Amino acid sequence: MNYTAPSLAEGGNDLLESYCTSPGCGYDELLDPVEGVRPRWLGVLNSFTELSTAELEQRAARIDRRVRETGIAYDIFADPLTPSQRWQLDLMPIVIASGEWRWLEKALIQRARLCDALLTDLYGAQDTMRSGLVPPELVFSDSAFLRPCKDILPKAGPLRFYAADLARTADGHWRVIDSHTETLAGIGFALANRVVHTHVAGDLFKRNNAVRLSTYFQNLQIALTAHSGRDNARIALLTPGPHHEDYFSHTYLARYLGFLLVEGSDLRTRGNRVYLKTLEGLKEIDLIVRCVDGRLIDPLELDPTGFEGPAGLLRVCRGTPRLVVNAVGSAIVQNRGLGPYLPRLARELLGEELELPDAPRWWLGDAAARRHVLENLDGLIVRKAQEGTGRPGQAALGKDAHTMSAAERELLRREIELYGARFVAEEKIGFSVAPAFDPMGFSRRPFAVRFFVARTADGFEVMPGGLAMSVDPERAVALSAPDGHTRDVWVLSDEEQSPHVSLWRPKLESARVERSQRVIQSRVADDLFWLGRYSERADWTMRVLRGALRRVEEDSGPADGWRAARTCLEMLLRNAEAPARSVRETPLDMQIERLCARLITGNAGPRTLEKTCEGLYRVAHLARDRLSFEGWQTLSKFRPGDTWLTSLGPAQPVELLDLLEGGLASLAAFNGLMHENMTRNFGWSFLDMGRRLERAYNLCEAIQTLFIPASDAEEETSRLLLLLELADSFITYRSRYRLDPSLPLVLDLLLLDESNPRALAYQLAAISTHLETLPDARQGVSLASDRRLILTLMTSIRLADVVAIADEPSRTTLGRLMREQLQLLPELSNAVAQHYFNLTEDAPHRVQTRSDPRP
Amino acid sequence: MIFDVSHKTHYRYSSAVVQSQHLVHMKPRTVTRQTMRHHGLIVEPAPAMRYEGFDAFGNPVAILDVEVPHREFVLHARSTIETALPQQIAFESTTPWDALDVELEAEPRRRDLDIIQYRCMSPVTTASLEILDYARHSFAAGRPVLEAAMDLSQRIYEDFRFDATATDVSTPIAHVFKVRRGVCQDFAHLALAALRALRVPARYVSGYILTRPAPGQPKLQGTDASHAWISVWSPETGWRDFDPTNGIAVADEHITIAHGRDYNDVCPISGVLLGGGEHTVSVGVDVSTVSPLGRG
């Protein structure tokens, strides 16, 4: 290929050299075969090639790191139990010039208007079907056409969100390869990509005068608030939950726009309204931004197995049709089979020529199209006409007859004959190529882009950017990108760009929307409570392990706490099955090492470190939209399969000590971040109560195990030392008493001292304070059982006389005191759960009668 | 004939239901051969909200929202319906099934979405390739559509056994087809899948059937039941009903409540509950004939 690049910076030619020699065909975004570098790329290319290769590599590495930290990639946000898509963001963006962008904007908006007009008709007069503009069987065969929404959707106001996947064919024309009208189609990924990319390449972005996204999102936020019809609207983004592949996008967007992130079970209908179940009772919701399939949103009137929205939602929508956006039922117009009919529809419904048609495609419900396809099956890909939008890049690849055996092809033919109305056939189109960065230089990678359109105050508005993903042109006909290689899309402007306005720091007008985030769903309170418990439990287990291993590894004798350590380990393994053979005959230090190994990995009961970390990660995962990104990062060690966790098992005791230090440091960082950064709302109260409750329990259990019955003086001293270490109070004790530990002083420090954040009394006082601030505390009449329990626990400790208790040789009083705490603390946990976590309203379920007549 | 129908459904829950919402199809619709004379629905406890209207298929529907905690829920529908015999026509004289395309793609019928929608498979009536083959035995090229539909209904009656324990509400038809057992809605679904695999317009009908006691036996109370069958379209007759469970063409002893694509569209009662734990249900249906002069 010949290219001339007179204004290209020194060094850029090397990068280009590799680009030109890399394989790839189709339209070249960067190079014109005759003219060389296309003008729109000159500036951007220059600003990248000016940087040294080392600098470019450094920046690429920083992007990788930010992608991981933000959680777009699998290691933080994805469900730990399902394999997930990788996510990479290339240093090089895709560049679109302002002239082309103006055309694209107009064309995309026309598509959105067309979808809107078609939806209104399909759920209203249905003239397009009667007149044959749209084949009725295409619509009726698609389970996304929701009949109960007839006459509701047209009253819901215009379509709010539209997205289209575009590819540029070999002749340089853009074509739509998929449309998305059901949900926001992963716009959060595009936003997150931009945030990460400008973090690393913001200087270049600015210098090239690329358009920012914030105005778009601001307009979107304002428009949705206006749509809800209320100034201080409570707007909920309805997500299927953490198991969903698009969940990252939902959390990211909800945070960015300041909307509540809710799941179906958080909502219920009552009369003609939808309410959020919160700690303070039911709160009315003004607008639902729907990120779940319409079909699954109301088990009463739609798919009986779908519980992703509250039962009765459609009934509510009949009276309040604007409540849900996009309106329920909107997915029907993303049916791929509509492609061939769109040009005529545009003429009839809009009175315009379609600017941006679909890539060549046949709906197989049409007899003539079916014949054509069956005769030319080899060059075509057969796919479902309707496919959920899901995460960008996950469009199914489809069936390629070219690669099939004769029997498979025959089966495909029969299926096309039978289910034709649900299938389309598509030609493989050439995708255009653009430079992707790697240390060896630029290479050609084919891609497709998702563009996003939203309804704002001035009609439809296109997000000035997009989500570009690399595809395999040999196999893909849509945005199928299993390797998750993405690129930011820069729209260059002719005009000066105004300074950056971020929605992360909302202006006063939008701040009132943000306030609703302080509402806490009962479900979230439950998750946070357990997050507190598990993080404290993990901390304690690691301290016990560290205490035991230190004693064995350090050069000391059995007298220095070996037996104390073994007692503590056995305490945590108490409910576990006994090991296969008796350990009593082996030397004490080996016993301890074996017990440690069991407490870490074995299936030895619920309190092993592995089980605890699993629980910790699971609840953190459930509550993750309430945690900061940094908070998440600190927990990444505990993700099942993480190297930290997997290296615990085979590690030698010395390495193990290092690993445990690392784990404890991560937890300390997590707790610190939560403590410093979390708003002191009810969510915080539950997180902290969980932690305090767990700590109180562990402390009482250790005291009971170590000091009842009493041991000889030497042993007791080593037990006191271990306890002080476990409770992280050794330094406090030393600075206070400068004495060898003695039981009365230690008990005073760890049981009664309300100023010691490790003391039992401190935990109980903190729980009591939280309970007092929580809503629904019945005043005057009788105390709720959680309040009664905490009062009993506190009083019993406050009345204790530690000197007398410690002097008692039988330790009867201490035993009674600890037993009482150990019995009532779990009761307190249950009482809190019953009071606040809506156990009576378990998951909604469906009941149907069946007719069973005798024949 | 004139019928009195009493349809009582009684739910009992092991723990309190906090909220229950029900979608009810119990009010018989008016169709060509049937007139609804009277209908009443008693609900206990009284719902906080009761919406009555028509669903997307034109069936009367009631939506109930019960907001008081309850451990029992009773729905009692009473209806009086008059049915007539369908128009007499020889099934052999109806249009060949493979000529329906021509009929339905020409004016004015191509505009009749109410026929065309019933040519399409719904999720639960999606035929497998085996079911398509089964259908083809009745639908030879050029065979009149109602003659073929009658044949299909009789074959299902002969090939399948009525067995209330073999299937439940969510059993897919592929399984019904495999075990050759099921209840009336399974057979209706199977017939619909077979018909729609050939793009013959066919719909699901939910209703009641008059049962007769064995000769010499008195008729027992509460032994009748809801029933399900199918309706097939031909240009000559419009919609004509067949009962694959009994292998017959429907005369005047079937009472239609509602029709739709499948059971899910017209299920008599479907409810979503919050709370309630386990539940038991007892259903009592009585269908009795009324003579013009008095009850008989």
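The values are calculated or read from the model by the stated rules, or taken from the named source; none is laboratory data. Model, not experiment: these values are computed from the prediction. No Cβ is skipped: glycine too gets one built from the backbone with ideal geometry, and neighbour counts run over all protein chains shown. Each accessible area value is taken on the protein alone, full model and side chains, heavy atoms only, with ligands, DNA and RNA left out. Shrake-Rupley method; radii C 1.70, N 1.55, O 1.52, S 1.80 Å.
For A:K206, which lysines qualify as cross-link partners when the Cα separation must be under 27 Å and same-chain residues fewer than eight apart are set aside?
Cα-Cα hits under 27 Å: A:K106, A:K507.
If I compute solvent accessible area with a 1.4 Å probe over the protein chains, what percent of it on segment B:236-280 is carbon and sulfur?
46
Could you give the dipole magnitude of the protein assembly as shown about its Cα centre, charging the beta-carbon of Lys and Arg +1 and that of Asp and Glu -1, in debye to the nearest 20?
In total the dipole reaches around 2280 debye.
Note the angle between two axes, namely the Cα long axis of helix B:184-197 and the longest principal axis of the Cα atoms of chain B, as a number of degrees from 0 to 90, rounded to the nearest 10.
Approximately 40 degrees, to the nearest 10.
Averaged per residue, what accessible surface does segment A:39-187 expose to a 1.4 Å probe, in Å²?
Per residue, segment A:39-187 has 32 Å² of solvent-accessible surface.
When the helices in chain A are scored as -39500 (n - 2.57) per DSSP H run of 4 or longer and the sum is shared across all residues, what 222 nm value do you end up with, to the nearest 500 deg cm²/dmol?
Helices in chain A give a 222 nm mean residue ellipticity of -14500 deg cm²/dmol.
Can you compute the helix-only [θ] at 222 nm over chain B? Use -39500 (n - 2.57) per DSSP H run of at least 4 residues, normalise by all residues, nearest 500 deg cm²/dmol.
-5500 deg cm²/dmol
What is segment A:202-252 by shape, rounded, prolate or oblate, if you read a ≥ b ≥ c off the alpha carbon gyration tensor as root eigenvalues and call it rounded for a/c under 1.5, prolate for a/b larger than b/c, and oblate otherwise?
Oblate, because a/c is 1.5 or more while a/b does not exceed b/c.
What do you get for the angle between helix A:406-419 and the principal long axis of chain A? Use alpha-carbon atoms, 0 to 90 degrees, nearest ten.
The answer is roughly 80 degrees.
Just to check I understand the Karplus step: with θ = phi - 60° and J = 6.51 cos²θ - 1.76 cosθ + 1.60, what whole-Hz values come out for segment A:254-267, glycine and proline as x?
4, 5, 5, 8, x, 9, 6, 9, 10, 10, x, 6, 7, 10
Which lysines does A:K277 reach when only Cα atoms under 28 Å apart count, and residues fewer than 8 places away in its own chain are ignored?
Result set, ordered by chain and number: A:K155.
Quick one: plug the Kirkwood hydrodynamic radius of chain B (C-alpha pairs) into Stokes-Einstein at 4 °C, 1.567 mPa s, and report D in µm²/s.
Calculated translational D: 64 µm²/s.
When all C-alpha to C-alpha distances in segment A:654-710 are sorted into bins of 5 Å, what percent of pairs does each bin hold, rounded to whole numbers?
Computed distribution, short to long bins: 4, 15, 14, 17, 17, 16, 10, 4, 2.
Restricted to Cα positions, what overall size does segment B:150-296 have along the principal axes? Three whole-Å values, descending.
Computed over segment B:150-296, the largest-to-smallest principal extents equal 48, 46, 27 Å.
To test your reading of the geometry: what angle, between 0 and 90 degrees and rounded to tens, separates the Cα axis of helix A:682-707 from the longest principal axis of chain A?
Orientation of helix A:682-707: about 30 degrees from the principal axis.
Here is the link list: A:K611/A:K637; A:K150/A:K384; A:K399/A:K428. Which ones come out longer than 20 Å on Cα distance?
A:K150/A:K384
Which residue, B:S170, B:S79, B:S138, tops the fluctuation ranking in a GNM of chain B built on C-alpha contacts under 10 Å?
B:S170
How large a share of the accessible area of chain A, in percent, is made up of carbon and sulfur atoms when the probe is 1.4 Å and the other protein chains stay in place?
Carbon plus sulfur share of accessible area: 50 percent.
Please compute the alpha carbon radius of gyration of segment B:85-169, then divide it by the globular-protein estimate 2.2 N^0.38 Å. Two decimals is fine.
Working it through for segment B:85-169, the quotient is 1.30.
Once the Cα gyration tensor of segment A:692-825 is found, what semi-axes does its equivalent ellipsoid get, as square roots of 5 times the eigenvalues, in whole Å, sorted largest first?
So the three semi-axes of segment A:692-825 are 29, 16, 11 Å.
Accessible area per residue of segment A:237-286 at 1.4 Å probe, in Å²?
Value for segment A:237-286: 25 Å² per residue.
Kindly tabulate the residues in segment B:65-82 with an accessible-area decrease of at least 50 Å² between the chain alone and the assembly of all protein chains, using a probe of 1.4 Å.
Those residues are B:E67.
What distance in nm separates the two pseudo spin-label positions at B:E103 and A:H372, each 7 Å out from Cα along the beta-carbon direction?
Between B:E103 and A:H372, the simple spin-label model gives 3.0 nm.
For labels at A:R86 and A:R680 in the simple 7 Å Cα→Cβ model, what's the distance in nm?
Roughly 4.7 nm, to one decimal.
Nothing charged except the Cβ atoms of Lys and Arg (+1) and of Asp and Glu (-1): what's the magnitude of the dipole of chain B about its Cα centre? Round to the nearest 20 debye.
Magnitude of the dipole: close to 340 debye.
What does the structure give for B:272-278 when I average, per residue, the other chain Cβ atoms found within 10 Å of the residue Cβ?
Going residue by residue through B:272-278 and averaging, the value is 6.
To the nearest µm²/s, what D does Stokes-Einstein give for segment A:164-293 at 25 °C and 0.890 mPa s, using the Kirkwood radius over alpha carbon pairs as Rh?
Approximately 144 µm²/s, per Stokes-Einstein.
Across peptide A:459-471, how many C-beta atoms of other chains are within 10 Å of each residue C-beta, on average?
Average per residue, whole number: 0.
Radius of gyration and Dmax for segment B:113-216's Cα atoms, expressed in Å?
14.3, 49
Starting from the exponent 0.38 and prefactor 2.2 Å, build the expected Rg for segment A:795-838 from its residue count and divide its actual Cα Rg by it.
1.54
In segment A:661-719, if the dipole is taken from +1 on Lys/Arg beta carbons and -1 on Asp/Glu beta carbons about the Cα centre, which of A:I703, A:G683, A:S666 is farthest to the positive end?
A:G683
Using a Gaussian network model of chain B whose springs link C-alpha atoms within less than 10 Å, name the residue from B:R50, B:R119, B:R33 with the highest mean-square fluctuation.
In this elastic network of chain B, the residue with the biggest mean-square fluctuation among B:R50, B:R119, B:R33 is B:R50.
Express the C-alpha Rg of segment B:30-127 as a ratio against the empirical globular expectation 2.2 N^0.38 Å, rounded to two decimals.
1.60
Taking only protein heavy atoms into account and a 1.4 Å probe, give the accessible area per residue of chain B in Å².
Accessible area per residue, chain B: 40 Å².
With label points built 7 Å along Cα→Cβ from the Cα atoms of A:E280 and B:R12, find their separation and express it in nm.
4.3
Pick out, from A:L783, A:V802, A:A713, the residue whose Cα sits farthest towards the positive end of the charge dipole of segment A:712-806, with +1 on the Cβ of Lys and Arg and -1 on the Cβ of Asp and Glu.
A:L783
Mind ordering B:197-209, A:323-335 by average Cβ neighbours within 10 Å, highest first?
Per-residue Cβ counts within 10 Å, averaged per peptide and sorted highest first, yield A:323-335, B:197-209.
Just how many % of Cα pairs in chain A lie over 53 Å apart, if you round to the nearest whole percent?
Cα-Cα pairs of chain A separated by over 53 Å account for 27 percent.
For segment A:414-500, what is the convex hull (Cα atoms) projected area averaged across all directions, in square nanometres?
So the mean shadow area of the Cα hull is 10.3 nm².
Could you give me the percent of Cα pairs per 5 Å distance bin for segment A:380-462, shortest bin first, beginning at zero and ending with the bin that holds the maximum distance?
Bin by bin from 0 Å, the calculated values are 3, 10, 13, 15, 14, 14, 12, 9, 6, 3, 1, 0.
I want to verify a result. In a Gaussian network model of chain B, Cα cutoff 10 Å, which of these has the top mean-square fluctuation: B:G276, B:G247, B:G182?
B:G276
At a probe of 1.4 Å, how much accessible area disappears from chains B and A on forming the pair, both sides counted, to the nearest 100 Å²?
Heavy-atom accessible area buried at this interface is about 4800 Å².
Alpha carbon centre of segment A:242-298 versus segment B:24-55: separation in Å?
Rounded to whole Å, the Cα centres lie 33 Å apart.
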